[in-house]
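Each remark here refers to the structure printed beneath this line.
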Amino acid sequence: MIGQMRAAFAKLVIAGQAQLPLSRICLQLTCPNVQQVRSAVTGFNSHNSDQLWKSISVVSKNGARRGRGKKVNARVIKDLYRNQVLGDGKVKMVWPGLNTSVVRGRQIVQQEKLDTPKEDPNEAVREAKEEKLARRKLHPLDRGFSSANICGRNLKNTTNLELHKDFDFRVVDNRNVCHMTGLVGRYQTAAVVVACGNGNGLIGLGAGKSMLRLKAVQKASTRAMNRLVYIERHNNHTVLHDFFSHFYATKVFVSRKPEGHGLKCHRVIALICKLAGIKDIHVKVEGSTMPMNVAKAFVLGLVRQKTYQDLAEDKKLHVVEFDSLRRNFPNVLASPTVCRKNADIPTTESLDFTQHALDGRVRYVKPRQPPFFTKLKGWEVHLKKEERSRGYRQNLYELTAKYGETRSFLADKYPEARQKNKIYKF
Amino acid sequence: MALVSRTCWRRIQNISRNVCYGSQQNNHVLRGDCLAKIASRLSSGNVGGDRAGLQTSSPNSDPTSVFFKDEVQSCLLEMNMRDVSKVFQTRKEGKGLSDIEIKFMTQEQLEEEENKAMETARYFLQVPPVLSPREESIVELSKDPALQGLDESKLIFTDISYGVPHRERLIVARDPDGTLRHASTDERYRMLQTYFPDEGRTYEVPQLFSPSNLKSLWERSEFTFILDRACVQFEPDDPHYISITSETYNFIDENCGYDHLLGTRHYGAFAFYIAFYGRLDKFLNHCISTYRIQDAVSLVKIFYWSRPQIRPSKEATSPDDVEFLKEYISEHSKDKAILSKTLSAYLELNLPTAAEEAALGN
């Protein structure tokens, strides 16, 4: 520093502008008592703070190509001195020239101690320094199929994207796709499929691609909203009828199920069902299980369902529902304008509703095999042993209900022979 | 609850099986006749039993002879059949779900299925009998002192051949003192449950019929549960059955829980009970205020049938004959003011009569 000042003065003297007092200062500066400071040029004094900051937080293009800084996003990059108030601490002080001016009017301000404030102005900064990195925890219902991937994630609760308030958005598929270019080489893109629905029959599918995953999600969400379709449901809980649908190599066999059955299907289809408001369904996916194609095949099938009225008009017959839980009451779902009579139906005509709905297809349902251990010899031994204690549980209930304990029929005659500790409480 | 409804079905099947057997033996006599025959056997002898808390205002104190009359039976069944929706509600029996079948049907096939459904409804809405309690009389067959001390316990012999109605099945007991006699009702019950077990029936009376548990069930309005379970557990002339059902009916009447019985098989039985013992005014008022005028007329009809000495000036001409009701209200009801007020309020609505509705339907 002193070296620089000396150089500046030397320049002034050479220019002949320096007056007498200045030469006096020069003399003082050359005073042997003042220690010489090395004025070496280092990285710290040859760069400004922005350049220094960038050097530790960013990896150069060449460096990145060599694989450096791969964990650059995982490392916390925090500017610990941001918003720092200089000259302020736990004790409030007046530092003339630092946090006040040196002269106030004609008086020179003195260094002094003020009343200690209640709050430290740099509290937030200190907290930021002490804060440790912790992964943001997602609600189990929002976080999707697995915690790391965004597949199946609820976008409304986990991102800050601007989405329609009446619809739920979920990621169906999330992939990284790439192609090679001469200039850049491997050009990576995030490809995302998003499904949206209002839980009441409206459903939309959209795909988006972008360099940034979040942008791809936003694009896909917008496209999903633009491609909404309405699907018919039976009593707001299941599909109208069994149907088959396919998209490229993906085939889906969908079955209509009674209330309380639940969603027994591929996870992507279950996700779409939840968005569309279907509660009971069974779907068998055959062939490719690529999420996007599974979703498309299913939604296509849903859209192509025939209403009961259409089916009744096709066949010119009543469409009647029989539920064994309702003692097989004939519940007429739709009636044609003109109904055929028994005599009009040729013997060759198939009247199977499911077959008609599946366009003549028949799904092979593999019969359930008995478990392997039933063929072993030990199973027979087990069954023989178990036979002795059959009805044991029922007996236990009945005896406990009657006597408050398990007891033999001899208990009245020999009260000392009761199993005292065998009192069961239900 | 699920078990009850399932076993209830079994009980109904058993009843009708017994009835069938009875009819086979009696050279295919009509079912009504058969029931009447059983009834006459049941009612023979003095009617005992405790019927505390009942106002036996009816001069005829034995409900059995009235209940099995053909016109009463058809009237009660009609009352039950006016609302069949509860029979076809989804039942939760703990059996697991089965797929719902959809079929293409012609008009003829559909009508056939609808008739079948009405048969099903008629089957499940059979009215449980309202009887007087049975009398315990043990017939001694012979006394053989030579067999005295043969065994420490009594021996019971049961005829387990098929095709015999349980009430006519021969069951005899040999006591340790050498007496051979017909088995008592309890012994019969035990032996029948051993050889021909009924699903849902237990040897011991379940704890749910204890007074404290019954009270708790009443307070939770589980009337059909109690009545269904009682049908499964007891014979209809069992003093237990009669006391449990009559107390339940009384509770329903006091707390106006009629809607819980509507659409179940117990609706007709309750109506009979309330009309037979002459406490129908509250229920009648409820029927009129909920526009169930046909039920009200049926109720008054049963009232007259159970009292042969009182006759209305004119029989009911239609199922919703308001004049018939008016006569009852003015002559025999206790709450004349309230009932006539409710009836006039109903008449002001000018709802279509049953005949008009039938004409509209055609």
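The values are calculated or read from the model by the stated rules, or taken from the named source; none is laboratory data. Just so it is clear, the model here is predicted, and its values are computed rather than measured. Here the Cβ is made from the backbone with ideal geometry for all residues, glycine too, and neighbour counts use every protein chain on show. Just the protein is used for accessible areas: all its heavy atoms, side chains included, with ligands, DNA and RNA removed. Shrake-Rupley method; radii C 1.70, N 1.55, O 1.52, S 1.80 Å.
Looking at segment A:341-415, the trypsin sites (Lys or Arg not before Pro) that sit in a DSSP loop and have at most 15 other Cβ atoms within 10 Å of their own Cβ are A:Lys341, A:Arg361, A:Arg363, A:Arg368, A:Arg388, A:Arg390, A:Lys413. Here A:Lys375 is the anchor, and the lysines within straight C-alpha reach of less than 21 Å, apart from those fewer than 8 places off in the same chain, are A:Lys366, A:Lys384, A:Lys385. For the chain pair B and A, the buried solvent-accessible surface (1.4 Å probe, both sides summed) amounts to about 3000 Å².
Which of rounded, prolate, oblate describes segment B:73-112, given a ≥ b ≥ c as roots of the alpha-carbon gyration tensor eigenvalues and a/c under 1.5 marking rounded, otherwise prolate only if a/b is larger than b/c?
Here segment B:73-112 falls in the oblate category.
Considering only B:Leu217, B:Leu170, B:Gln193, the residue lying farthest towards the positive end of the dipole of segment B:165-222 is B:Leu170, judged by Cα position with unit charges set on Cβ. As I understand it, the value is the acute angle between the Cα axis of helix A:267-276 and the longest principal axis of the Cα atoms of chain A; what does it come to in degrees, rounded to 10? Around 90 degrees separate the two axes. Modelled spin labels at B:Ser161 and A:Ser60, positioned 7 Å past Cα toward Cβ, are 11.2 nm from each other. Whole-Hz Karplus values for segment A:225-233 come out as 5, 6, 10, 5, 10, 9, 10, 7, 10 Hz, taken residue by residue from phi with 6.51 cos²θ - 1.76 cosθ + 1.60 and θ = phi - 60°; glycine and proline positions read x. Among rounded, prolate and oblate, which fits segment B:257-322 when a ≥ b ≥ c are the square roots of the eigenvalues of its C-alpha gyration tensor, a/c under 1.5 means rounded, and a/b larger than b/c means prolate? Oblate is the answer for segment B:257-322, as a/c is 1.5 or above yet b/c matches or exceeds a/b. Using C-alpha pairs below 8 Å separated by at least 6 residues, the relative contact order for segment B:70-223 is 18 percent. Once the Cα atoms are used to define both axes, helix A:377-387 deviates from the longest principal axis of chain A by about 70 degrees. Here is the list for segment A:178-245: trypsin sites (Lys or Arg not before Pro) lying in DSSP coil, each with at most 14 other C-beta atoms within 10 angstrom of its C-beta, are A:Arg227.
Largest mean-square fluctuation among A:Asn342, A:Asn200, A:Asn99, in a Gaussian network model of chain A whose springs join Cα atoms under 10 Å apart, belongs to A:Asn99. For chain A, the relative contact order works out to 7 percent when only alpha carbon pairs closer than 8 Å and six or more residues apart are counted.
Of the peptides A:137-147, B:335-345, how do they stack up when ordered by the mean number of other Cβ atoms within 10 Å, highest first?
Going by the mean number of other Cβ atoms within 10 Å, highest first, we get B:335-345, A:137-147.
Working note: Karplus 6.51/-1.76/1.60 with θ = phi - 60° gives segment B:275-285 the couplings 6, 5, 8, x, 10, 8, 4, 5, 5, 4, 4 Hz, where Gly and Pro are set to x.
Net charge dipole, segment B:250-362: roughly 380 debye, given to the nearest 20, about the Cα centre with Cβ charges of +1 for Lys and Arg and -1 for Asp and Glu.
Here segment A:75-218 is treated with +1 on each Lys and Arg Cβ and -1 on each Asp and Glu Cβ, and its dipole about the Cα centre works out to around 420 debye.
Placing +1 on each Lys and Arg Cβ and -1 on each Asp and Glu Cβ, with no other charges, gives segment A:182-274 a dipole about its Cα centre of roughly 400 debye.
Between A:Met180 and A:Tyr248, what is the FRET efficiency for a Förster distance of 41 Å, r being their Cβ-Cβ separation, to the nearest 0.05?
Details: r = 25 Å, r/R0 = 0.61.
Calculated value: 0.95.
Measuring between their Cα centroids, segment A:295-346 and segment B:190-216 lie 46 Å from each other. Karplus-derived 3J(HN,Hα) values for segment A:91-105, using 6.51 cos²θ - 1.76 cosθ + 1.60 with θ = phi - 60°, are 9, 7, 10, 9, 10, x, x, 10, 10, 9, 6, 6, 10, 10, x Hz; glycine and proline are entered as x. Projecting the Cα atoms of A:Ser57, A:Tyr414, A:Ile203 onto the charge dipole of chain A, computed from C-beta unit charges around the Cα centre, puts A:Ser57 farthest toward the positive end. Taking only alpha carbon atoms, segment A:83-233 gives an Rg to Rh ratio of 1.33, where Rh is the Kirkwood radius. Against chain A, whose longest principal axis comes from its Cα atoms, helix A:2-14 is set at around 50 degrees. Remark: chain A carries 71 Å² of accessible area per residue (probe radius 1.4 Å; ligands, DNA and RNA excluded). Residues of segment B:76-104 buried by at least 30 Å² of accessible area upon assembly of all protein chains, compared with the chain on its own (1.4 Å probe): B:Phe88, B:Thr90, B:Arg91, B:Leu97, B:Ser98, B:Asp99, B:Ile100, B:Glu101, B:Ile102, B:Lys103, B:Phe104.
If you take the Cα centroid of segment B:283-306 and the Cα centroid of segment B:103-155, the two points sit 30 Å apart. Burial here means at least 30 square angstrom less accessible surface with every protein chain in place than with the chain by itself, probed at 1.4 Å; in segment A:304-344 the buried residues are A:Leu317, A:His318, A:Val320, A:Phe322, A:Asp323, A:Ser324, A:Leu325, A:Arg326, A:Arg327, A:Phe329, A:Pro330, A:Asn342. Using a probe radius of 1.4 angstrom, the carbon and sulfur fraction of the accessible surface of segment B:249-362 is 54%. Over the C-alpha trace of segment B:226-350, radius of gyration and Dmax come out as 15.2, 47 angstrom. Mind scanning A:Lys156/A:Lys274; A:Lys251/A:Lys315; A:Lys165/A:Lys209; A:Lys61/A:Lys219; A:Lys341/B:Lys103; B:Lys282/B:Lys326 and naming the pairs with a C-alpha gap bigger than 19 Å? Pairs exceeding the cut-off: A:Lys251/A:Lys315; A:Lys165/A:Lys209; A:Lys61/A:Lys219. With heavy atoms of protein chains only and a 1.4 Å probe, what residues of segment B:191-226 have at least 30 Å² less accessible area in the full set of chains than alone? Those residues are B:Glu204. Over chain A, with a Gaussian network built from C-alpha contacts below 10 Å, which listed residue (A:Lys279, A:Lys92, A:Lys264) shows the highest mean-square fluctuation? Greatest mean-square fluctuation among the candidates belongs to A:Lys92.
A Gaussian network model of chain A, with springs between Cα atoms under 10 Å, assigns the largest mean-square fluctuation among A:Ser255, A:Ser389, A:Ser210 to A:Ser389.
Sorting B:309-317, A:323-331 by their mean Cβ neighbour count within 10 Å, with the most densely packed peptide first, gives A:323-331, B:309-317.
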